[in-house]
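Quick note: the coordinates plus some simple rules give every number you see, no bench work behind them. Just so it is clear, the model here is predicted, and its values are computed rather than measured. Because the Cβ atoms are built from the backbone with ideal geometry, glycine has one as well, and the counts that use them run over all protein chains shown.
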2 protein chains.
Amino acid sequence: MRYKKTMESIKINVMQKLLKANDAIADEIRKSLKKKGVFFVNLMSSPGSGKTTLIEETARKLGKKIKVIEGDIQTTLDAERLQKLGVPAYQINTGPFGGDCHLEAAWIKTAIDELGMDDLEILFVENIGNLVCPAEFDVGAHLNVLLISVTEGEDKPLKYPLAFQVSKLCVITKMDLLPLKHYSLAKLRQNIKKVNPACAVIEVSAHDNVGLESWFEILKHKPGLL
Amino acid sequence: MRYKKTMESIKINVMQKLLKANDAIADEIRKSLKKKGVFFVNLMSSPGSGKTTLIEETARKLGKKIKVIEGDIQTTLDAERLQKLGVPAYQINTGPFGGDCHLEAAWIKTAIDELGMDDLEILFVENIGNLVCPAEFDVGAHLNVLLISVTEGEDKPLKYPLAFQVSKLCVITKMDLLPLKHYSLAKLRQNIKKVNPACAVIEVSAHDNVGLESWFEILKHKPGLL
């Protein structure tokens, strides 16, 4: 890619200002939730890696101690799935605003105000399914979590390094599909460590109820908050 | 999402100008390749849906009649996979330019000039793995193809409608994983038709060599070119 127009540099300048404004709001959110003792977890992944399913399992375990902010371009399908389990969920749809491919801290702030954070243990954000853009926008979480399903292929950490680098925990999902042998778990783990040596990695299969105890253990320890 | 800052509207204005400039270059590419009789196919999908694998299978069938422009934020892994099969491939890495989440027509134009289009039957672009942003940027293809693997879930067309709406063909991949029963093919097809009734749908499994004949048949007919 050797060709870059002037317009491109204008876009980059505007983006830098946007990111700076975003980071200030994100820091404010992080501090204010820490004061209230609310652990804020931001889930990122490709579309269909299992973010909503992981939150559903967490809701079954932790019940009313959690609330969720759902990010989607369109539909309220995920918020509806969670509301069925009695979890208060706030849906952000970016569709009417140009189909934004990520969530920004300012929108999270509004959602937090509307949901209310009293008597709460964990706030989840389910970011828009996208391995690129959400990683560029700090939403103010204490813990960024990257989900990747075994079917996505071992090379993804190398191809989308930023999403793995801003995350302290990587959850490998759909482990029940691994025995199909098209995928190498060892290589996937190796590639995660290559782009982010400090990243913790756990393996889960919501369908087989495997590995979820490690996930609940991490939530109990609240890394980044305590 | 009720909160929008002034900065946001600036970003949207710049984006509108960028998109207009992009569309003009895309039209130019489409016409110039039509004149040369080169069929230009743009593959879009989430990360890990099987774009490179589909191109590999196509290369095995069509040999030197194809060339490929590979889009990735980082790495030349996909271009290397294709070069192993003797396919001329040009890698665009958006990483050095802020990790852009899509390909733009201007970059495609440069790649086309460098690859050379003489004595060629089909030019493929493998877009960046992302169901959101690539759909917003016309790259000048005669046919946009959306790949979705059965493991991504049936709700994706509803949640990422634009990518399905700009595509005339949807390829459902990894059909070998369907018998695992977590997914409903009928619902996925229904949701594709809901957001784009005119979209043709085929089902493939590269691992089992299933459905590829339909894919080759479509390539032979060159929809959008002839």
(request) Would you mind listing the distances between the A:GLN190 label point and the same position in each other copy? Use 7 Å along Cα-to-C-beta, nm, one decimal, shortest first. (result) 4.4
(request) For the pairs B:LYS61/B:LYS194; B:LYS193/B:LYS220; A:LYS194/B:LYS187, note any where the Cα-Cα span goes beyond 29 Å. (result) B:LYS61/B:LYS194; A:LYS194/B:LYS187
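Mind ranking B:213-222, B:34-43 by how tightly packed they are, going by the mean number of other C-beta atoms within 10 angstrom, highest first? Write out the running numbers ahead of the final one.
Numbers: B:213-222: 14.7, B:34-43: 20.1.
The peptides rank, most packed first, as B:34-43, B:213-222.
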(request) Mind telling me which of A:ASP113, A:ASP176, A:ASP100 comes out most flexible in a GNM of chain A, alpha-carbon contacts under 10 Å? (result) A:ASP113
(request) Counting other beta carbons within 10 Å of each Cβ, put A:ASP72, B:ASP208 in order, fewest first. (result) B:ASP208, A:ASP72
(request) Can you tell me the relative contact order of the stretch B:24-221? Whole percent, Cα pairs under 8 Å, sequence separation 6 or more. (result) 25
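Pop the C-beta distance of A:LYS36 and B:ARG60 into the FRET formula with R0 = 51 Å and round what comes out to the nearest 0.05. Mind showing how you got there, number by number?
Working: r = 58 Å, r/R0 = 1.14.
Once rounded, the FRET efficiency stands at 0.30.
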(request) On a C-alpha basis, how far is the centre of the stretch B:109-185 from the centre of the stretch A:49-119 in Å? Whole number, if you could? (result) 27
(message) With θ taken as phi - 60° and the coefficients 6.51, -1.76 and 1.60, list the Karplus ³J(HN,Hα) couplings across the stretch A:19-36 in order, rounded to whole Hz; mark glycine and proline as x.
(response) 5, 5, 4, 4, 4, 5, 5, 4, 4, 4, 4, 4, 5, 5, 6, 4, 4, 7
(request) Measure off 7 Å from each Cα along the Cα-to-Cβ vector at B:GLN190 and A:LYS187, then give the distance between these two points in nanometres to one decimal. (result) 3.7
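Report the FRET efficiency, 1/(1 + (r/R0)^6), for B:GLN165 and A:ASP119, where r is their Cβ-Cβ distance and R0 is 30 Å, rounded to 0.05.
On the way: r = 43 Å, r/R0 = 1.43.
Working from the Cβ atoms, E equals 0.10.
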(message) Using 0.36 nm times the number of residues separating B:ALA21 and B:VAL210, minus their current alpha carbon distance, what extension gain do you get?
(response) 64.0 nm
(request) List the distances, in nm and shortest first, from the label point of A:LYS220 to the matching label points in every other copy, placing each point 7 Å from Cα along the Cα-to-Cβ direction. (result) 6.2
(message) Could you compute the net charge surrounding B:ILE122? Neighbours are other residues with a C-beta less than 9 Å from the C-beta of B:ILE122; K and R count +1, D and E count -1.
(response) +2
(request) Please identify the cysteines of chain B that lack any partner cysteine with a Cβ under 4.7 Å from their own Cβ. (result) B:CYS170, B:CYS199
(request) Given the options B:LEU143, B:LEU77, B:LEU212, state which has the largest fluctuation in a GNM of chain B using a 10 Å cut-off (strictly under) for Cα springs. (result) B:LEU77
(request) Please build a GNM for chain A, connecting alpha carbons under 10 Å apart, and tell me which residue among A:THR76, A:THR110, A:THR173 fluctuates the most. (result) A:THR110
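Helix-derived [θ] at 222 nm for chain A: sum -39500 (n - 2.57) over DSSP H runs of at least 4, divide by residue count, nearest 500?
-12500 deg cm²/dmol
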(request) State whether the stretch A:143-221 is rounded, prolate or oblate according to the following rule on the C-alpha gyration tensor (a ≥ b ≥ c being the square roots of its eigenvalues): a/c under 1.5 gives rounded; otherwise a/b larger than b/c gives prolate, and the remaining case gives oblate. (result) oblate
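Given that compact globular proteins tend to follow 2.2 N^0.38 Å, what is the ratio of the alpha-carbon Rg of chain B to that value?
On the way: Rg = 17.4 Å, N = 226, 2.2 N^0.38 = 17.3 Å.
Relative to the rule-of-thumb radius for its length, chain B sits at 1.01.
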